[in-house]
1. Among the residues in segment 272-280, are any within 18 Å of Asn114 (Cα to Cα), touching a helix residue (DSSP H, G or I) at 6+ places or on another chain (Cβ under 7 Å), part of a helix (DSSP H, G or I) and modelled with pLDDT under 80?
2. Do we find a residue being modelled with pLDDT of 95 or more, on the phi > 0 side of the Ramachandran plot and touching a helix residue (DSSP H, G or I) at 6+ places or on another chain (Cβ under 8 Å) anywhere in segment 109-118?
3. If you scan segment 135-172, which residues turn out to be free of Cβ contacts under 8 Å to residues at least 40 places away in the same chain and of a type in the set (S, T, N, Q)?
4. Working only within segment 183-198, note down all residues that are buried (at least 20 other Cβ atoms within 10 Å of the Cβ) and at pLDDT 90 or above.
5. With the requirement that a residue be aromatic (Phe, Trp, Tyr) and more than 13 Å from the chain's Cα centre (by Cα), what does segment 152-202 give you?
6. Within segment 305-320, work out how many residues are in a loop (DSSP other than H, G, I, E, B) and either crowded, with 18+ Cβ neighbours inside 10 Å or touching a Phe, Trp or Tyr at 6+ places or on another chain (Cβ under 7 Å) (or both).
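The values are calculated or read from the model by the stated rules, or taken from the named source; none is laboratory data. Everything quoted here is computed from the prediction, not taken from an experiment. Heads up, the Cβs are rebuilt from the backbone with ideal geometry, glycines too, and the neighbour counts pull from every protein chain shown.
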Amino acid sequence: MEDKRLRDKFGHTSTQELKFSKEDRDEVFEQIHKLEKNNNTPKKSFISSSKKFAPLTVSLFVLGLCIFLFMPSILSGNFNGERVVNEPEAEEAEYFTTLITVKSKDMDNRIYLNLLLTYSKDKKMMKVVSLPYDTYAQVGDKDDGTALYDKLLFAYRFGGAENVRTAVSKLFDLPIDDYAVIDLETISTLMDSMNGIEYDLQEDMRARAISQVAFEFKKGTNHLNGEQLVSLMMAATEGNSLDEEDLINLMNAIWKKAENNIPQPQLNELFTQIEANVSLDALLKNQIKINSIKSIALRDGMISDSITLNSTEGKHIYRFEQDFLNTISEELTTFN
């Protein structure tokens, strides 16, 4: 299923791209220590866990600031019943795919969240999988033409939004039709305009942050800003105290508040801050209905590993066996 349109070449790399901050280094060796303590732990079986959340369909696109795919439903004021998104131009296709990515300009354009979505027009069903940023993947090509592998975290550096799409497409051997790359600052602007959101946690937890090492969250109701929201979504992606149900519930919490607090002109302005391969006009041409959504988890196939850079530096990664990724691709593109 390789997409020949996505064979971009990137012929620049250096050892500088493999260096990371003190916080990253501390995290790496903490992970390595955990690996040494648990290296007798059996590998997880290749069975993906998934759940259906039909009532929460809209919320998945709130990560795209209620704009990228879901702008049609917002502009039309269709907030009841079945939700709608834009229809792809190639109506003959059995399904189409979309990648929504969150990056941070302040952190050298590292990407922290990737949502890969597939949609079946016939079944009116959508599926979604969230990728850990520590995923080890081909992020470009070296000067000699050989593949360059690193964390998905760095994929934007080697060719921008198009290269992020290429990296994820190659990882799953799955063509990706549309993409949107959203900066953390844009998400923070949206959250600030709504005065944040509230989310209930079942226990105290510590979650990795972006502009700082981590956030400490308390059991009960937490008032979240933009980075704290993304931090919890990252934790849910990796299954750290949270899971895919929390991922969707977080998005739903944004939707409920954005529905009544974000005016259309502001949404239009926010759209101009998103890197996407589709125009706002194209989004508004056609609409389709979504009856249900299915969330697919990757953590049953996540193999915690590390790469040694030198005697004092290393980095933590997640590897996936190809058989597992093939299973995920098949599940993403099979609609029964």
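1. Looking through segment 272-280, none of the residues is within 18 Å of Asn114 (Cα to Cα), touching a helix residue (DSSP H, G or I) at 6+ places or on another chain (Cβ under 7 Å), part of a helix (DSSP H, G or I) and modelled with pLDDT under 80.
2. Yes, segment 109-118 contains a residue that is modelled with pLDDT of 95 or more, on the phi > 0 side of the Ramachandran plot and touching a helix residue (DSSP H, G or I) at 6+ places or on another chain (Cβ under 8 Å).
3. Gln138, Thr146
4. Answer for segment 183-198, where residues must be buried (at least 20 other Cβ atoms within 10 Å of the Cβ) and at pLDDT 90 or above: Leu184, Ile197.
5. First pass over segment 152-202, keeping only residues aromatic (Phe, Trp, Tyr): 154, 156, 158, 172, 179, 199.
The answer is Phe154, Tyr156, Phe158, Phe172, Tyr199.
6. We begin by selecting, within segment 305-320, every residue in a loop (DSSP other than H, G, I, E, B); these are 309-313, 320.
Checking which are either crowded, with 18+ Cβ neighbours inside 10 Å or touching a Phe, Trp or Tyr at 6+ places or on another chain (Cβ under 7 Å) (or both) leaves us with 320.
Residues flagged as in a loop (DSSP other than H, G, I, E, B) and either crowded, with 18+ Cβ neighbours inside 10 Å or touching a Phe, Trp or Tyr at 6+ places or on another chain (Cβ under 7 Å) (or both) within segment 305-320 amount to 1.
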